[in-house]
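K.L.:
Before anything else, here's the structure in question.
The values are calculated or read from the model by the stated rules, or taken from the named source; none is laboratory data. All values derive from a computational prediction rather than experimental measurement. So basically every Cβ, Gly included, is an ideal-geometry build from the backbone, and we count neighbours across all protein chains shown. The accessibility values were calculated without ligands, DNA or RNA, using every heavy atom of the protein model including side chains. Shrake-Rupley method; radii C 1.70, N 1.55, O 1.52, S 1.80 Å.
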Amino acid sequence: MKDDPVQVLALEYQSLRADLQVRSAARFQFLGFITASAAILATGLGHSSPGQTTYILEGLGGALFILGLTSFWLQGKDQALISAHVANLEEKINQAMSADLLSWETRHQERSFFNYWILGLRYPSPRRKPKKVGPASASN
């Protein structure tokens, strides 16, 4: 027995939406951890006398913070890619159902300055409409 294509698309949609929620929560938890680690190192440096150990700790704190921020941005790019795919799934499901049932990701594809530069939600490229398969496109 063949699975209903809409049901398969809906399962993929549901799975990716859940993945986006988990990634978003994990991303901010990771950023909090990195920021706290850098703050603890900086606090420890405030109570020590300048020397070679201090410079090593300052470098470690800075590197840890930069590593965390870079990871945060890279994870944002992954989230944007998943979000774009979910928006395409919404379009496919809406077309198959001949209704405007799903629209959250589609409506939120435009990124603000804050989302794009600060949160790292880099939208990959302009979304392409899914190709319609029909007699006209089958002959090309």
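K.L.:
Using DSSP to define loop residues, name the trypsin sites (Lys or Arg not before Pro) in the range 1-80 whose beta-carbon has at most 16 other beta-carbon atoms within 10 Å.
P.N.:
Answer by residue number: Lys2.
K.L.:
Could you give the radius of gyration (one decimal) and Dmax (whole number) of the Cα atoms in the range 1-88, in Å?
P.N.:
20.6, 74
K.L.:
In whole percent, and with a 1.4 Å probe on the protein chains, what portion of the accessible area of the range 1-110 is carbon and sulfur?
P.N.:
Ligands and nucleic acids excluded, carbon and sulfur give 64 percent.
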